[in-house]
1. Which of (1) under 24 Å from TRP775 (Cβ atoms); (2) in contact with a helix residue (DSSP H, G or I) (Cβ under 7 Å, 6 or more places away or on another chain); (3) among the hydrophobic types (A, V, I, L, M, F, W, C) is the odd one out, the single condition LEU86 does not satisfy?
2. Would you confirm whether any residue within the range 449-459 is at pLDDT 95 or above, touching an Asp or Glu at 6+ places or on another chain (Cβ under 7 Å), over 18 Å from HIS303 (Cα atoms) and in a loop (DSSP other than H, G, I, E, B)?
3. Inside the range 277-288, can you point out the residues that are touching a residue at least 60 places away in the same chain (Cβ under 8 Å) and either among the aromatic types (Phe, Trp, Tyr) or within 16 Å of ligand 2 (Cβ to nearest atom) (or both)?
4. Tally the residues that are among the small types (Gly, Ala, Ser) and within 16 Å of ligand 1 (Cβ to nearest atom), restricting the search to the range 321-367.
5. Return the pairs, sorted by first residue and then second, in which the second residue is assigned to a loop (DSSP other than H, G, I, E, B) and within 12 Å of ligand 1 (Cβ to nearest atom), the first residue lies in the range 109-138 and is among the β-branched types (Val, Ile, Thr), the beta carbons are less than 6 Å apart, and the residues are 6+ apart or on different chains.
6. Restricting the search to the range 811-825, which residues are within 15 Å of GLY127 (Cβ to Cβ) and outside any loop (DSSP other than H, G, I, E, B)?
7. Could you check ARG805 against (1) closer than 20 Å to TRP758 by Cα; (2) part of a loop (DSSP other than H, G, I, E, B); (3) of a type in the set (D, E, K, R) and say which number it fails?
8. Read through the list (1) crowded, with 21+ Cβ neighbours inside 10 Å; (2) within 16 Å of ligand 1 (Cβ to nearest atom), then give the number of the only condition that THR107 fails.
Amino acid sequence: MRDGQARAIHLQDYRAPDFRVERVALDVDLYEDHAIVRATLAMQRSGAADAPCRLDGVGLTLEQLQLDGADWPSTHYHYDGEVLTLEGVPDRFVLATVVRLAPQLNTELEGLYRSNGMFCTQCEAEGFRRITFYPDRPDVLSRFVTTVRADAVRYPVLLSNGNPIAQGEEGGRHWVTWEDPFPKPSYLFALVAGDLSCQEDRYVTGSGREVALRLYAEPQDLDKLDHAMASLKASMLWDEQAYGREYDLDIYMIVAVSHFNMGAMENKGLNIFNTSCVLAHPKTTTDAGFQRVESVIAHEYFHNWSGNRVTCRDWFQLSLKEGFTVFRDQCFSADMNSAAVKRIEDVDMLRAHQFPEDQGPMAHPVRPQSYQKIDNFYTLTIYEKGAEIVRMLHTLLGADDFRRGSDLYFERFDGQAVTTDDFVACMAEVSGRDLAQFKRWYSQAGTPQVTVSGELEGGRYRLSVHQQTPPTPGQPDKQPLLIPLRLALLDGAGHHLPLNAQGDTELLLELTEPQQQWEFALPPGVERVVPSLLRGFSAPVMLAGEDSEAALRHLLTHDDDGFCRWDAAQRLYRAAILRLVDATGRAAEEAAQLAPAMKAVLAGAGEDAAAAALLLALPSATQLADSLPEFDIAAVQQAHDALAAALGHALATDWWQVLERWAPVGEYQPVAADIGARALYQQAASYLAATAQPEIGDVMVRRFAEADNMTDQLGALRLLVHERLQGADAALADFARQWQHEPLVMDQWFGVQASAPWQTAAGIEALLEDARFDWATPNRVRSVLGQFSNANAVAFHRADGSGYRLFASALQRLDQLNPQMAARLAGACGRLGRLPAVQQHALREALQQLVRQPLSGNLDEVLTRILA
Ligand code: PHE
Ligand code: ZN
């Protein structure tokens, strides 16, 4: 390892801080080749009388240190490169430090760094300590006043948190002082300096306060901010209506930066966004991109309450803000678009990515017990499973009690740093429920497996349910969870049966034991019962049952729960593909079996094209391979593609009809109905493309050339390239020429190639060596290495091991520049233990060789877990 001994931090070791910071004044002087940071901290002892004062500081060059206005003798302090220890300090004192930084050399994108021509910061989780000496922990809240100084011509815009209170200019340099009236932890600090354009608007809160909304981007991107602005206003209104939460400052600012490790950051009053999550224009952004912008804008805005006003006591509580905020942004997007479609997309993402995480070497509880590098714990488990836990609370309590619980939480803990226990306690208090068992969801890792069987006998239907959570690293024995199971029963005609004396047709069952049974008295004459289970995906579990294909077809046809219908379709496709894998089925016959149900979906597509597109989509080969004991992606992909081709032939007429009926008309708009139409068109086209008939190639070439928006253009390009249709190479070349000046579009150009199933290690290497590739830009790195390792399992896991060797050497190179990125990408190797022997051997060898190199602590932690 490169950066010293790995040290694990444990939740049980948490101690309140010895010193608080009452006020902090920062003065940041920015130059081309360095920056000077002067910090003045009003410190107050809050712990033991003899405790030394310890401040975090990573890689800082200390130029001056004064206590209460006088130089502090060097015998009284010690800096080991990570912690500055001051001995013998009084109970109250003012500490003044001056440090020197080199932001222009910062490629880790943590702390103060440069992106294109601007300066910006990223402090969560522990980046503030790379800017100045400070107790860099979320339970130290303080009021910040920040002065930013820079060259007036190069950096006309100088920003920090809160409101500007003073400014001046002198000798070609200028400065602005910002004051943030709300006490905040250091991870929410931000500053920006640059030559930025601004789109400005305003929002009047429910109580009549006017808020200036300012979105900043580089001048060439000023035309791509409309959607973010509209989304921001919608989010502000929604949080008032859904949670009674108003914005609290006079200004809300968002800055778009090209170099960013994550999606975006909720710094108080000054969000910093990855350009990919804020810029949107029909010509350069896909529908998925528009929806991503809407949801990330909402997510960061909602953090102002769930995260900033009420923050986390320590980083073990990360899901307190992230799980809750993801749940909030999911509900917002559901309200803005189609709720059923949004739920299906979220569940699909959870099952495709969080479930494997929870079953692999990186599995950890939503509230982890220990970690080495907190950056490695910004995971799907913390975010998405955390959101499912909050959703289950909503389901169990009902909307009204949930809202009362959240009101109580925000009121009681406003301005404080708290825990997930505090959150659940509010929910327990308002509802009068005992949530002790429920809290195991936070402490127990792994995906619970729920098995159901039903029995119809003597006018009664008996449902037997069994739960079990498999062991995960460090947690061999699991306890039963409280699992909310939403249920309905359909009869042979597809009608909902009454489930109790009140005639309810949907019930919420609470599974609390390893094994439980429920009985329902049926109306006379019922001869067939098909259960509709886990409606709305009421708990993040794997559900197994003895569902016959007839039952699944019944659900697909009759169920009124969007998730259950879609899941029934997924199970039908899955069964067909698995029969092709073990050679008990034939593609043409399977397609013929599936055709009537799919035709029925198409016949009803007029009502909701987006839902139809989802119902017609096969589960990915990766997801199917994940559900098998051995991850044999090559075999599953082959079966998957064979079925797709067979369905392309069997329903050819229907697919061509879709292409006619749902062809684009009118001006592009990123609204649900149009998005659905485009998705359905793309789905039909992809079935036709799977047949590799030349006609569909011609249509795609034309669509590519004529498209007036990125969704259609990229959709066509993807099919041309992935299916290697005639005209693919020319389209790739045209695309690169057309979009050479749009980095986010060029990311797509790289991504389409890196995710092509025919891709080879040599092909990926060529992309990495392309002059337009850049190791220092995370979006570009993700578009090649992320797509290859995460979205192209068949190429990545090629049996000759070439993908692994290439990936390992790329990780090593990336790790020198950006350890967080390298560690995140390395997670793709988490399937190691489930690979076929040949692949397992090759991957292990590649990773073992890598881990012997001098690596960052971030990458080392992930590789060590995977290889354990
Ligand atoms: N807190 C950010 C969010 O979820 C994510 C993030 C984490 C960004 C760490 C940067 C660094 O909105
Ligand atoms: Zn967040």
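1. (1)
2. no
3. Correct list: VAL278 only.
4. Residues of the range 321-367 among the small types (Gly, Ala, Ser): 323, 333-334, 338-340, 352, 360, 363.
After this cut, where a residue has to be within 16 Å of ligand 1 (Cβ to nearest atom) as well, the list is 323, 333.
Count: 2.
5. THR121/ALA190
6. From the range 811-825, those within 15 Å of GLY127 (Cβ to Cβ) are 818-821; that's our starting set.
Within the range 811-825, PRO819, GLN820, MET821 meet the criteria.
7. All conditions are met except number (2).
8. THR107 satisfies every listed condition except (1).
The values are calculated or read from the model by the stated rules, or taken from the named source; none is laboratory data. Since this is a predicted model, take the numbers as computed values, not measurements. When we count neighbours, we look across all protein chains shown, and the Cβ atoms used for this are built from the backbone with ideal geometry, even at glycine.
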